[in-house]
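Below is one structure, written out as structure tokens; comments come after it.
The values are calculated or read from the model by the stated rules, or taken from the named source; none is laboratory data. Not measured: the values here are computed from a predicted model. Using ideal geometry, Cβ is built from the backbone for each residue, glycine included, and neighbour counts are taken over all protein chains shown. Heavy atoms of the whole protein, side chains included, go into the accessibility calculation; ligands, DNA and RNA do not. Shrake-Rupley method; radii C 1.70, N 1.55, O 1.52, S 1.80 Å.
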Amino acid sequence: MFSLTVQTYMMAVDVALGIILGFLFDIFRALRRVLDGGPTRRPWLDALLDAAFWAIALPLVVLAWGLGNWGQVRAFTLLGLALGLGLYAGLGSPVLLPALTATYRSVGGGVIRLGRGTRRAAGALARAVRRGMAGLRTLVGWLLMPVTRPLRWLLAPLLAPVHRALIAPVAARLRRFVLDPWRRGVPSRRRIAAAWRRWRAAMAAWLGPGKGEPPPPRS
């Protein structure tokens with residue numbers, strides 16, 4: 001028979017365990033609200049989040065009851081667990097669940113905006129590099145024009161056989177095996193870009209405010 005002090009300690013461990021489990025359940029419930037806020041239900045998402053919840057909750061229960069209750073499950077053990085869950089459901093969940101939902105949506109929206117900004121910055125940098133290289137090539141060609149023009153005129157009779165025997169066949173093979181397949185793959189790249197836009201729109205819809213819920217506060 002445990003003393004009253006030990007039983008009080010065991011009761012406090014069970015109450016704390018109930019509060020922790022309630023908060024853990026709200027973490028996954030808010031995540032389900034954000035990710036499954038569309039018009040269609042996703043059973044696989046519910047199963048995945050339930051499995052993640054129990055994968056964390058079961059070790060917590062085993063650890064708390066093994067170390068805090070010395071492996072004994074009594075009536076006051078279940079009573080303390082229910083009391084902790086009730087305290088969290090009545091006092092913590094009405095405040096923390098909307099806060100968690102708004103936090104998830106804000107973080108998800110920030111990730112989407114960061115991805116868009118990174119893509120735009122990379123595109124602007126690539127365009128600037130291409131323009132710089134084109135300008136540099138034009139400048140070098142203009143500076144070397146007094147040398148290249150006469151040299152090209154003098155070497156034209158010698159380069160014509162080389163062009164017919166070597167350069168023209170290599171260019172034909174490159175066009176046949178590289179350029180033509182690349183051009184035929186343009187519709188595929190367009191389909192990939194369209195799929196990316198649809199996925200981004202779906203993510204934005206998921207991370208938007210749910211039906212009947214107020215939007216997250218703006219900072």
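If you check ALA82, ALA121, ALA89, ALA102 for being free of Cβ contacts under 8 Å to residues at least 24 places away in the same chain and of a type in the set (A, V, I, L, M, F, W, C), only one passes: ALA121. Check the range 55-75 and report whether any residue there is among the basic types (Lys, Arg) and within 30 Å of TRP199 (Cβ to Cβ). So far as the range 55-75 goes, no, none of its residues is among the basic types (Lys, Arg) and within 30 Å of TRP199 (Cβ to Cβ). Scanning the range 146-161 for residues that are of a type in the set (A, V, I, L, M) and open to solvent by less than 70 Å² (accessible area, probe 1.4 Å) returns LEU155, ALA156, ALA160. Annotation note: of LEU179, LEU136, the sole residue that is in a helix (DSSP H, G or I) and at pLDDT 85 or above is LEU136. Assessment of the range 30-43 against the conditions (farther than 22 Å from TRP196 by Cβ, open to solvent by less than 80 Å² (accessible area, probe 1.4 Å) and basic (Lys, Arg)) yields at least one matching residue.
Here the condition is being in contact with a helix residue (DSSP H, G or I) (Cβ under 6 Å, 6 or more places away or on another chain) and assigned to a helix (DSSP H, G or I); of ARG116, ARG33, it holds for ARG33 alone. Counting only residues that are open to solvent by 50 Å² or more (accessible area, probe 1.4 Å) and within 13 Å of ASP46 (Cα to Cα), the range 15-29 holds 2 of them. Within the range 88-111, the only residue that satisfies the criterion of being hydroxyl-bearing (Ser, Thr, Tyr) and either open to solvent by 70 Å² or more (accessible area, probe 1.4 Å) or not in a helix (DSSP H, G or I) (or both) is THR103. Any chance the range 126-142 includes a residue that's exposed (fewer than 10 other Cβ atoms within 10 Å of the Cβ) and without any contact (Cβ under 8 Å) to a residue 60 or more places away in the chain? Yes, that holds for at least one residue.
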